[in-house]
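In what follows, a structure is listed as structure tokens, so that the remarks can point back to it.
The values are calculated or read from the model by the stated rules, or taken from the named source; none is laboratory data. Since the structure is predicted, the reported quantities are computational estimates derived from the model, not experimental observations. Virtual Cβ from ideal backbone geometry, glycine too; neighbours counted across all protein chains shown.
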Amino acid sequence: MAQPTSKESTLTMFELLKPAAAEAGVARLGRLAFAGNRRIMQTPNYIAVASRGVVPHLTPDNVTKHTTFDAAYLAIEDFLEKSQPPVLQLPPGTPRNLQSFTAFPSDRALILGPRRFPAVTTPVGNGAHHVSIFTSTGFRNLTIPEFAKTIELTQPDIAIPPADLFHSSSTPTSKRQIRMVERTEEWVDEFFHLSDPKGRLKEMGVSIFAPVLPVEYPIQWDYLRYLAEDVRDCLSGLAVYDVNLVPELVNYPSLGSLPRLSFGPSKSPQDILRQIALGIDICTVPFANTASDAGIALSFTFPPPESSDMQPLGIDMWSEEHTTSLQPLVNGCQCYTCTKHHRAFIKHLLNAKEMLGWNLLQIHNHAILTSFFEGVRAALNESAEKFDELHKKFLTVYEPEVPAGTGVRPRARGYHFKSIAGQTKINEPSWQAFDSVDASPHPEAIAEPLAAVDGTLPVDEVAPSLEK
């Protein structure tokens, strides 16, 4: 069934369907309408995580045909690898340049932030006037004026201003946390002065979700007051980097009606349910991409099934038991993959390293997430008590972690993986020593020059025979 669109709104508009459950720290039901001809998002819901402007393994036509997510998150650092980025050379007067540049379906909203989620650790932290980012050609700095210019030229549906987040430590000192809050407030304020959210950005249909930092509430209470009192009219939502702070938002009534987009840890559906229970409206779910890469077909449902045994959250499609199986990935799943193909075909594609295998897994995994959130909304629509009951049952029925997978992931493009000195290479080398006995356990091994045998040096680069 076609989704309704929001043609009349000029900015993102959020409506709580159950105002009685609007207080902070409580799961809530709502509706998010984007500017233009975008799909209306029923919340709680999720957004897809894009890489280099696309959802991994899915071309724009497959996104249109076989997926139903309403929005995707993109990172500015994916587009700034050159001194003159092509995305910034598009005509300024063209509406929705980012949509045109990435060829995303016109009914899907795009959310643009400075860094990927999860972000790669940079060698040095942020500066007083810039954010350290990781492009496909290396590390560089992103200034606030450059960020503001990029937002005005690309015109995403939602923009998330830069925040001074953790660098190498997840538990920085109080002094460092205070500096994080001060910098973030300065950056948000500078961005608002440069971009005029109530003027130019509003005319373009660009909404602003302000960052809520992952630091202790007593340290950032004044920053939250700044958002609630000084710039509330400029905001359309909140980007929450620590869901534990959501209950504290009850101290700022003017922020209570704003949608909350979570960038907290999301490694399993249990993490998602916890975020929803605390009052998050939109979840960012990177583990869907990770599972597809690993050859895992997600299999969890909400409400959870009746079972006395712990159930896995996904199925390892590399397992030999699927070699001749004609079953769908998940019985009852109505996605394109499960209705058109079977496990043996997916297993064959993965063994042959055919990219279609990961395409089909990605379609299926996003369909599982869509069905999962539909079940969550149905439970919340019935009652908050029903959701709490099913939430507890889910924790007892399913294993706590998504399976890691036992096969070979698609070849990684290392620009968004390697950032630590001495890190083991992700991709196995195409060539290695012919007589190497110990090749597979160390994928970073390379062919070594011929060595001496019994103290005799090779002559003409030919090693002497070991036979007597």
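Taken together, Ala291, Ala228 contain a single residue that is in a helix (DSSP H, G or I), of a type in the set (Gly, Ala, Ser) and out of contact with any Phe, Trp or Tyr (no Cβ under 9 Å at 6 or more places or on another chain), which is Ala291. Say whether the condition of being surrounded by fewer than 18 Cβ atoms within 10 Å (Cβ to Cβ), farther than 27 Å from Ile47 by Cα and of a type in the set (A, V, I, L, M, F, W, C) is met by at least one residue in region 221-242. Checked region 221-242: at least one residue is surrounded by fewer than 18 Cβ atoms within 10 Å (Cβ to Cβ), farther than 27 Å from Ile47 by Cα and of a type in the set (A, V, I, L, M, F, W, C).
If you go through region 299-338 and keep only what is in contact with a strand residue (DSSP E or B) (Cβ under 8 Å, 6 or more places away or on another chain) and closer than 24 Å to Lys386 by Cα, you end up with Ser299, Phe300, Pro304, Pro305, Met310, Gln311, Pro312, Leu313. Evaluation of Pro269 against the conditions (1) more than 27 Å from Gly314 (Cβ to Cβ); (2) buried (at least 22 other Cβ atoms within 10 Å of the Cβ); (3) not hydrophobic (A, V, I, L, M, F, W, C) shows that the sole unmet condition is (1).
The set of residues from region 360-372 being buried (at least 23 other Cβ atoms within 10 Å of the Cβ) and closer than 20 Å to Glu306 by Cα comprises Ile368, Leu369. Among all positions in region 63-71, there is no residue which is over 22 Å from Phe191 (Cα atoms), hydrophobic (A, V, I, L, M, F, W, C), at pLDDT below 90 and in a helix (DSSP H, G or I). A Cβ distance below 8 Å, combined with a sequence gap of six or more or placement on separate chains, defines the contacts here; from region 366-380, residues that are within 11 Å of Leu390 (Cα to Cα) and touching a residue at least 12 places away in the same chain (Cβ under 8 Å) reach residues that are crowded, with 19+ Cβ neighbours inside 10 Å and among the charged types (D, E, K, R) in the pairs Leu380/Arg28.
For region 294-309, name all the residues that are in contact with a Pro (Cβ under 9 Å, 6 or more places away or on another chain) and either closer than 24 Å to Trp358 by Cα or assigned to a strand (DSSP E or B) (or both).
Just the residues of region 294-309 that are in contact with a Pro (Cβ under 9 Å, 6 or more places away or on another chain), to begin with: 294, 296, 298-300, 302.
If the condition is that a residue be in contact with a Pro (Cβ under 9 Å, 6 or more places away or on another chain) and either closer than 24 Å to Trp358 by Cα or assigned to a strand (DSSP E or B) (or both), then Ala294, Ile296, Leu298, Ser299, Phe300 are the ones that fit.
Selection within region 198-220: residues that are modelled with pLDDT under 90 and touching a Leu at 6+ places or on another chain (Cβ under 8 Å). The member of this set that is farthest from Arg38 (Cα to Cα) is Lys202.
Of the residues Thr290, Thr301, Thr324, the single one that is in contact (Cβ under 8 Å) with a residue 12 or more places away in the chain, closer than 30 Å to Met13 by Cα, among the β-branched types (Val, Ile, Thr) and surrounded by fewer than 22 Cβ atoms within 10 Å (Cβ to Cβ) is Thr301. Using the structure shown, decide if Leu258 is on the phi < 0 side of the Ramachandran plot, crowded, with 19+ Cβ neighbours inside 10 Å and not in a loop (DSSP other than H, G, I, E, B). Against the criterion (on the phi < 0 side of the Ramachandran plot, crowded, with 19+ Cβ neighbours inside 10 Å and not in a loop (DSSP other than H, G, I, E, B)), Leu258 does not qualify.
Just so you know, in region 211-225 the residues that are hydrophobic (A, V, I, L, M, F, W, C) and either in contact with a Phe, Trp or Tyr (Cβ under 8 Å, 6 or more places away or on another chain) or part of a loop (DSSP other than H, G, I, E, B) (or both) include one that is farthest from Pro118 (Cα to Cα), and it is Leu224.
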